[in-house]
Amino acid sequence: MPSPSTVPVEHGVNLRPYNSFGLPAVARNLVRVGGDADVRRVVDDARFGRAPKLVLGGGSNLVLTRDVTELVLKIEVMGRRVVDDGPRGTLVEFGAGENWHQAVAWTLDQGLPGLENLALIPGTMGASPVQNIGAYGLELADRFHSLDTVDLVTGRTVTLDKAMCHFGYRDSVFKQALAHRSVIMRVRLWLPRPWQPVLGYLDLQKKQQETGLHEPDARTIFDWVCEVRRGKLPDPLQVGNAGSFFKNPVVTPEQCRDIIGRDPHIVHYPLPDGRFKLAAGWLIDACGWKGKTIGRAGVYEKQALVLVNRGGATGAEVVTLARAIQESVYGRFGIRLEPEPVVV
Ligand code: EPU
């Protein structure tokens, strides 16, 4: 019998239900993490303390190409609470295992606007800072306050503020220096008062024109974002996928001019630092990939940036398709697309 302080480990766990692509893979060893003490017990465990680990949140940004021999830490830290409510804003805290979209809906139910543009993003609260999730003109960093992690070497709980997280476009310290080093346990978000709607994104401006609502409330924006997303992104419960498969590439003005020379219609947005962001979906679409299939992996019909599981696909098939897309975009536009999900 294991002693009470021994980590309960599950063996041979089927990971298909735990990744939004629905890819087949088995975890040799899996530990469910409900609190900081669970991670500390793993760190102190002679069998697993120093072993490589894979932190698994909602599995919505993951491509599994093999069985997982690393110890899987399945994050199930729950809890939602208002920490502080004052005239300048509200501080809310969520357990890392909370579902992102339900957390957004909960804030609106509490009368706390500010996260509505990030409605319907799949995945968990704990995963949201890792890739600094963003959509419809807002990113996590705009509402982020701080988070607590447990260090996988020392077992200590450490709090990081916004500056320490080094947020960038779909990037953070958790993809860089702290990759494989820490487990996010709780995330705190700051919702400023007075609330200001974020309506700069083209799809939301179209909704304003269609409805004639020029001063929508947060609930209306939430509903609009849900409608726009449902219109062009597949529901992972129906069609396996991991959202955008590639990052939108950022290029210099010279590179942008070169690409416009290759195709004047290319969708590009100026960035504050003088560079340009290109729409990867447009590049892939222009190469004729929309709706195409290789093996059992395909390119979504309504959004070429999203790769989908057409039923029974393996991670290897998804990677083969992704490489073929990268080659053709590079061949035509000279741009190397960088995958967004973690490939294991
Ligand atoms: N486009 C095409 N063909 C396509 C897809 C897109 O021509 O098949 C064009 C669109 O017409 C549009 C432009 O590309 O002019 C951009 O498309 P869209 O507005 O759909 O946004 P995106 O750049 O493809 C990004 C995020 C999404 C986020 C949306 C809305 C990345 C990698 N993706 O997509 O995030 O929801 O903007 O803000 O930054 C995710 O990260 O998983 C994700 C879904």
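No lab work stands behind these numbers, since they all come straight from the coordinates. Note that the structure is predicted; figures quoted are calculated from it, not measured.
Observations on the model:
- Cα-Cα separations in the range 240-343 greater than 23 Å, expressed as whole percent: 25
- Over 30 Å between alpha carbons, listed pairs Lys74/Lys277; Lys53/Lys247; Lys206/Lys247: Lys74/Lys277
- Hydrodynamic radius of the range 4-75 per Kirkwood, over alpha carbon pairs, in Å: 12.4
- Mean-square fluctuations from a GNM of the chain, with a 10 angstrom spring cutoff on Cα atoms, peak among Asn241, Asn309, Asn14 at Asn14.
- Each residue of the range 171-308 gets 200 Å³ once the volume of the Cα convex hull is shared out per residue.
- Each listed q (0.16, 0.17, 0.19, 0.21 Å⁻¹) maps to a log10 I(q)/I(0) for the range 1-151, found by the Debye formula over equal Cα scatterers with no solvent: -0.93, -1.02, -1.17, -1.32.
- Taken over the chain, the convex hull of the Cα atoms encloses 145 Å³ per residue.
- Computed over the range 80-192, relative contact order equals 32 percent, with contacts defined as Cα pairs under 8 Å that lie 6+ residues apart.
- Listed by number, the DSSP H helices of the chain that run 30 Å or longer by alpha-carbon position along their axis and have mean Kyte hydropathy of at least 1.6 come to an empty list.
- Rounded Å value of the spacing that divides the Cα centres of the range 44-73 and the range 86-164: 23
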